[in-house]
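Asker: This structure is in structure tokens; I'll ask about it shortly.
The values are calculated or read from the model by the stated rules, or taken from the named source; none is laboratory data. Everything numeric in this text was worked out from a predicted model, so none of it was measured. Heads up, the Cβs are rebuilt from the backbone with ideal geometry, glycines too, and the neighbour counts pull from every protein chain shown.
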């Protein structure tokens, strides 16, 4: 599955996080979600996204990197930050 971020109306980066005005809502993203947001300006496969996140943040202690990436992507889709392409 490939995902891409929706085009924001506005964004503010500060201290490794971003606040995004997107589709009429303001959402503040954590460092991990900010990485996903910046990496998905163009469509990106979730497997490739997972590998990139692992290189930046390491392996999560309680689950696989791929599963944690899928969980984060699902949450960002739910909040209207990402969409499937």
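Asker: Scan segment 67-80 and report the pairs whose first residue is at positive phi and touching a residue at least 12 places away in the same chain (Cβ under 8 Å) and whose second residue is surrounded by 13 or more Cβ atoms within 10 Å (Cβ to Cβ) and not in a loop (DSSP other than H, G, I, E, B), with Cβ atoms within less than 8 Å and a gap of 6+ or a chain change.
Answerer: Listed pairs, sorted by first residue: 80/22; 80/27.
Asker: What's the number of the condition residue 25 fails, among (1) surrounded by fewer than 13 Cβ atoms within 10 Å (Cβ to Cβ); (2) touching a residue at least 24 places away in the same chain (Cβ under 8 Å); (3) under 13 Å from the mean Cα position of the chain (by Cα)?
Answerer: (3)
Asker: Still on this model: Any idea which residue in segment 32-83 is modelled with the lowest pLDDT, counting only those that are surrounded by fewer than 16 Cβ atoms within 10 Å (Cβ to Cβ) and in contact with a strand residue (DSSP E or B) (Cβ under 6 Å, 6 or more places away or on another chain)?
Answerer: 79
Asker: What tally of residues in segment 37-68 results from selecting those that are over 13 Å from residue 2 (Cβ atoms) and part of a helix (DSSP H, G or I)?
Answerer: Residues flagged as over 13 Å from residue 2 (Cβ atoms) and part of a helix (DSSP H, G or I) within segment 37-68 amount to 13.
Asker: Tally time: how many residues in segment 1-22 are assigned to a loop (DSSP other than H, G, I, E, B) and either in contact (Cβ under 8 Å) with a residue 60 or more places away in the chain or out of contact with any strand residue (DSSP E or B) (no Cβ under 7 Å at 6 or more places or on another chain) (or both)? Please lay out each step first, then the result.
Answerer: Of segment 1-22, the ones assigned to a loop (DSSP other than H, G, I, E, B) are 1, 6-9, 15-16.
Keeping just the survivors that are either in contact (Cβ under 8 Å) with a residue 60 or more places away in the chain or out of contact with any strand residue (DSSP E or B) (no Cβ under 7 Å at 6 or more places or on another chain) (or both) gives 1, 6-7, 15-16.
The total comes to 5.
Asker: While we're here: Could you check segment 10-22 and list, in sequence order, the residues that are farther than 19 Å from residue 84 by Cα, surrounded by 12 or more Cβ atoms within 10 Å (Cβ to Cβ) and either modelled with pLDDT under 95 or touching a helix residue (DSSP H, G or I) at 6+ places or on another chain (Cβ under 8 Å) (or both)?
Answerer: 13, 17, 18, listed by residue number.
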